[in-house]
Amino acid sequence: MANRLTERGHGNMMSRGMIRNEYTNDVDSGPMGRRHVKKRSREGAGSMKDGRTGKDVITGLAERYPLLYLDPNRDSQETYRKVVLQGAEPETKILSHFTLDAEDQAELYDTPAGPVEVVTLAKRADYETFVRGMMAAKKGPLAVVPPTEGASTLSVFNWGRIHAHQAAFLKKEQEAGNPVPDWGAEFQRFTANKDNYIDLLVVLSRGPYSHVEAGAAGQKEEDWLRLSDTIRKYHELTHVICRRLYPDQVQPIWDELCADTVGLFAAFGELDIALEKRFLGIRESAYVGGRLENYTDHPERLAPEIGRVLLRLRDITAEHRDLTPFALIPVLEERQAELGKNLI
């Protein structure tokens, strides 16, 4: 019988609390009355390693995860399951279902919770194809990616790591004089630890953050797209770090405020309260429709308290403006009990 993995784990979309739909924002996109000011970015600061760009992003990932050679518009769930659960090779290895855009990026970030690979796909269609493919063995290839979803943190089976361990195991056994190594038993032992074969992958779609247009953010189009990439990237990485380092401190609204604060800090070097309120759908102290309703059934009641918390968060980021974005996370988490107690 062929060695086989269970589907549990592959394709899971990891989050600390609710699924985050950062594209949802029904606030009108009129100007905020703020003049465009160049602010200091905190992105980088030794956190990123060189990665791939352009067509090398998808082609490189497909070599590691062969299920990307499958087309969710053509291939069946059973075909995906054979590749994902049994390590079967796709019959053909073509990527014509992807654009392979020149602006695609893959970067490896050193975080306090370990290295995390971040993939940014320039075309929305490629993002949806990618996520549908990653989820196809579990949910079927026709599963719809919500238009409000702009970021996914996925756990992915890496059969290359299993095959590399198999080769090393068989060589060691043969050198020890064992003519019939029990790979089946070793396979069960090795895969009992999911860290041995499951990778974590953050996949992002490009676009204005939280559906706030450049003019509403007080930015030029090109600048706002670049800043949105930074906000979205650090927002998602903050969730990954908090999930790993603070697994018991799950509170959806606080998690979103914390992640957005780190994202804005990475992009601007400070927390812009007016912009954060626009992300959430708050004007002054009133909820006017937007992303906040994804995390609570009572956005109108919580909007004033969120405004008060944001003032405190702005002061905290100002006091720690010399920190890197990742170093800001534990500072914020230390204040969760105090600042997040009324965000339920």
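Would you check which residues across segment 243-290 are under 19 Å from G215 (Cα atoms) and part of a helix (DSSP H, G or I) and list them?
Residues satisfying the conditions are L264, A267, F268, I273, A274, L275, E276, K277, R278, F279, L280.
Can you tell me which residue is nearest to H235 (Cα to Cα) among those in segment 143-198 that are surrounded by 16 or more Cβ atoms within 10 Å (Cβ to Cβ) and aromatic (F, W, Y)?
This residue is F157.
Among the candidates E334, E236, E305, which residue alone is under 30 Å from L108 (Cβ atoms) and touching a residue at least 12 places away in the same chain (Cβ under 8 Å)? Show your work before the answer.
Values: E334 fails: touching a residue at least 12 places away in the same chain (Cβ under 8 Å); E305 fails: under 30 Å from L108 (Cβ atoms).
That would be E236, the only listed residue that is under 30 Å from L108 (Cβ atoms) and touching a residue at least 12 places away in the same chain (Cβ under 8 Å).
For segment 249-265, state whether one or more residues are among the charged types (D, E, K, R), over 23 Å from A216 (Cβ atoms) and either surrounded by 18 or more Cβ atoms within 10 Å (Cβ to Cβ) or not assigned by TED's automatic domain parsing to the domain that holds A214 (or both).
So far as segment 249-265 goes, yes, one or more of its residues are among the charged types (D, E, K, R), over 23 Å from A216 (Cβ atoms) and either surrounded by 18 or more Cβ atoms within 10 Å (Cβ to Cβ) or not assigned by TED's automatic domain parsing to the domain that holds A214 (or both).
Yes or no, residue by residue, for (1) under 19 Å from K123 (Cα atoms); (2) among the hydrophobic types (A, V, I, L, M, F, W, C); (3) at pLDDT 95 or above:
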residue: R35; (1), (2), (3): no, no, no
residue: E43; (1), (2), (3): no, no, no
residue: D56; (1), (2), (3): yes, no, yes
residue: L61; (1), (2), (3): yes, yes, yes
residue: L68; (1), (2), (3): yes, yes, yes
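Kindly provide the set of residues from segment 283-292 that are touching a residue at least 24 places away in the same chain (Cβ under 8 Å) and surrounded by fewer than 22 Cβ atoms within 10 Å (Cβ to Cβ), ordered by number.
Result: R283, V288, G289.
Go through T99, T111, T153, T120 for me and flag whichever is among the polar types (S, T, N, Q), within 14 Å of the chain's Cα centre (by Cα) and within 16 Å of G60 (Cα to Cα). Spell out how you get there, then give the answer.
Values: T99 fails: within 14 Å of the chain's Cα centre (by Cα); T111 fails: within 16 Å of G60 (Cα to Cα); T153 fails: within 16 Å of G60 (Cα to Cα).
Just one listed residue meets the conditions, T120.
Kindly list the number of the only condition in (1) of a type outside the set (D, E); (2) in the same structural domain as Y209 (by TED's automatic domain parsing); (3) over 19 Å from I231 (Cα atoms) that fails for R291.
(3)
Scan segment 134-179 for residues that are of a type in the set (D, E, K, R) and assigned to a loop (DSSP other than H, G, I, E, B) and jot them down.
Listed by number, the list holds a single entry, E149.
Is segment 201-224 home to any residue that is touching a Pro at 6+ places or on another chain (Cβ under 7 Å), outside any strand (DSSP E or B), within 30 Å of A327 (Cα to Cα) and among the aromatic types (F, W, Y)? Explain how you work it out, then say what you get.
Taking segment 201-224 first, the residues touching a Pro at 6+ places or on another chain (Cβ under 7 Å) are 214-216, 224.
With outside any strand (DSSP E or B) added as a condition, the list becomes 214-216, 224.
Narrowing further to those that are within 30 Å of A327 (Cα to Cα): 214, 216, 224.
Adding the requirement that they be among the aromatic types (F, W, Y) leaves 224.
Within segment 201-224 (the criterion being touching a Pro at 6+ places or on another chain (Cβ under 7 Å), outside any strand (DSSP E or B), within 30 Å of A327 (Cα to Cα) and among the aromatic types (F, W, Y)), the answer is yes, since at least one residue qualifies.
Regarding R312, is this residue more than 26 Å from the chain's Cα centre (by Cα), farther than 14 Å from K277 by Cβ, free of Cβ contacts under 8 Å to residues at least 60 places away in the same chain and not in a loop (DSSP other than H, G, I, E, B)? Lay out the reasoning, then the answer.
On the way: more than 26 Å from the chain's Cα centre (by Cα): yes; farther than 14 Å from K277 by Cβ: yes; free of Cβ contacts under 8 Å to residues at least 60 places away in the same chain: yes; not in a loop (DSSP other than H, G, I, E, B): yes.
So R312 passes the test.
Taking the conditions exactly as written (within 30 Å of E293 (Cα to Cα) and free of Cβ contacts under 8 Å to residues at least 40 places away in the same chain), does S205 satisfy them or not?
On the way: within 30 Å of E293 (Cα to Cα): yes; free of Cβ contacts under 8 Å to residues at least 40 places away in the same chain: no.
No: the conditions fail for S205.
The values are calculated or read from the model by the stated rules, or taken from the named source; none is laboratory data. This is a predicted model, so every value here is computed, not measured. Don't worry about glycine lacking a Cβ; one is built from the backbone with ideal geometry, like all the others, and counts go over all protein chains shown.
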